[in-house]
Each structure stands twice: as C-alpha cells, then as structure tokens.
1. Considering only the stretch 82-112, state which residues are at pLDDT 95 or above and farther than 26 Å from PRO138 by Cβ.
2. Any idea how many residues of the stretch 46-67 are exposed (fewer than 13 other Cβ atoms within 10 Å of the Cβ) and within 15 Å of SER199 (Cα to Cα)?
3. Just wondering, is there one or more residues in the stretch 153-175 that are touching a residue at least 40 places away in the same chain (Cβ under 8 Å) and either part of a helix (DSSP H, G or I) or closer than 22 Å to ILE64 by Cβ (or both)?
4. Looking at (1) surrounded by fewer than 15 Cβ atoms within 10 Å (Cβ to Cβ); (2) of a type in the set (Asp, Glu); (3) under 23 Å from LEU172 (Cα atoms); (4) touching a strand residue (DSSP E or B) at 6+ places or on another chain (Cβ under 9 Å), which is the only condition ASP130 fails?
5. Conditions first: (1) over 13 Å from LEU112 (Cα atoms); (2) at pLDDT 90 or above. LEU46 passes all but one, so which condition is the exception?
6. Residues to consider are LEU144, LEU94, LEU112; find the one that is assigned to a strand (DSSP E or B), free of Cβ contacts under 8 Å to residues at least 40 places away in the same chain and closer than 23 Å to ALA43 by Cβ.
7. Would you pick out the residues in the stretch 115-141 that are under 16 Å from GLY54 (Cβ atoms) and in a strand (DSSP E or B)?
8. Do you know which residues across the stretch 159-204 are over 16 Å from ASP130 (Cα atoms) and charged (D, E, K, R)?
Amino acid sequence: MPTSDDPHYVSASYSALASAYVDLFGSPEQAEVEDRELIAAWASQLDGPVLDAGCGPGHWTQFIADAHRPATGVDLVQEFLDFARRNFQKPDFLRADLAQLPFEDQYFSGVLSWYSVIHAPPAELPRLLDELARVLQPRGKLLLGFFAGDQIEAFGHQVAPAWYWPPEDLELLLEQSGFSVLEAGTRARTTARTHGHLSAQKTG
C-alpha cells in the first residue's frame, strides 16, 4: 500500500481534492501579488524552453509561457492536467514523475518548482534536485518555492505530510546538486505559513 513518502500517494491525495484546489489556486490572479511579481521577474531572464515542474492546474505554466519561452508543465495528478489542457492553450502538459523526467539532458533554460517538492522527505529531496539539474542547460535558472522554517520538520499539510526547510539547508542541497544560489528570501504571512523562495543557477 502506498505511504505518505510515495509520490503516487501524494498525487492520489491531490486527485481527491483537485476540484477544491483548482477553485482556490486555478489562476495566477488568485495568487499573492508578491508571487506573481517574483515569478514574472524570474521568467523575464529566460530565453528558451521552460519547465514548470509539478505544475498543478497549470496556471503558472501559462503565466510564464510566451513566444520566447515555450513552456511545459508536468504533474502526476491527471485531474490537474485535464483542467490545464482545457483552460490554457500556450503550454504543453505531460503526466510525469519529477524523479524521472521524460526530457533530454540540458533541455530547458529554466525550471520553476513552485511548492512542488514540499512533500518530498529530506532523504529523497537531493534526488529530485539532481533531476531538475539534469534537464537544465548550463547556467540555466531554477526558482524554488517552499515553506520556510527554523528547522527541517514535517507538518500536517491538508493534502499530505509536508516539510519546513530553513533556507540555508536548502541552499546547501542545491549547491550539492550543482547549483549556485543567486537569491534567497522569506516572507511572513499572517494567515499562512512562512513563504520561502530560492533562485539558483546551474553551474558549468
């Protein structure tokens, strides 16, 4: 039987709540202004194919896609992919596991991983970051969103167990996966957990 450490358990949990999730997060306009500004500024630096890794209902994939940035969104939740294909025309959407992405090495100019690895146990996260690095071009850019905390600690996320990460611990993992961290930030929110983000560039 799948456990909470299994990505297929997590995707099944999201499938069960897909309709409610889409209602809450199905468009960029429903996101915080700071998130939109951050992701737009990051995407403006890119020229070439972009991956939205763990795209959910595809709203950020659509947001970052343009003529110079053909975007692809991948997710394991079929309901999210169905919604994305119905509502967004510019990107491509594929069902795929972040641990085994169906792309050639060094294919993308950028990878957006916006809260898509929050459910990965600490022992599994380096493998996912290695895979994101594999599909990035040299000097390609990664933007990672996560829940920031004072220590690496699991908590009871509504969908499936998730993890708090201190930014400095994630920075170390990114460096071990071949990234150079360009910028780190956190933002306290009164009605939600503390937001964290890391912008990094693949070395080599």
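The values are calculated or read from the model by the stated rules, or taken from the named source; none is laboratory data. Values in this document were obtained by computation on a predicted structure and should not be read as measured data. Neighbour counts run over all protein chains shown; Cβ positions are idealised from the backbone, glycine included.
1. PHE93, ARG95
2. If we filter the stretch 46-67 for residues that are exposed (fewer than 13 other Cβ atoms within 10 Å of the Cβ), which is where we start, we get 47, 67.
Add one more test, that the residue is within 15 Å of SER199 (Cα to Cα), and what stays is none.
Residues in the stretch 46-67 being exposed (fewer than 13 other Cβ atoms within 10 Å of the Cβ) and within 15 Å of SER199 (Cα to Cα): 0 in total.
3. Within the stretch 153-175, one or more residues are touching a residue at least 40 places away in the same chain (Cβ under 8 Å) and either part of a helix (DSSP H, G or I) or closer than 22 Å to ILE64 by Cβ (or both).
4. Answer for ASP130: the failing condition is (4).
5. Looking at each condition in turn, LEU46 falls short on (1).
6. Numbers: LEU144 fails: free of Cβ contacts under 8 Å to residues at least 40 places away in the same chain; LEU112 fails: free of Cβ contacts under 8 Å to residues at least 40 places away in the same chain.
Checking each option against the conditions leaves just LEU94.
7. Within the stretch 115-141, just LEU136 meets the criteria.
8. Matches in the stretch 159-204: GLU168, GLU183, ARG187, ARG189, ARG193.
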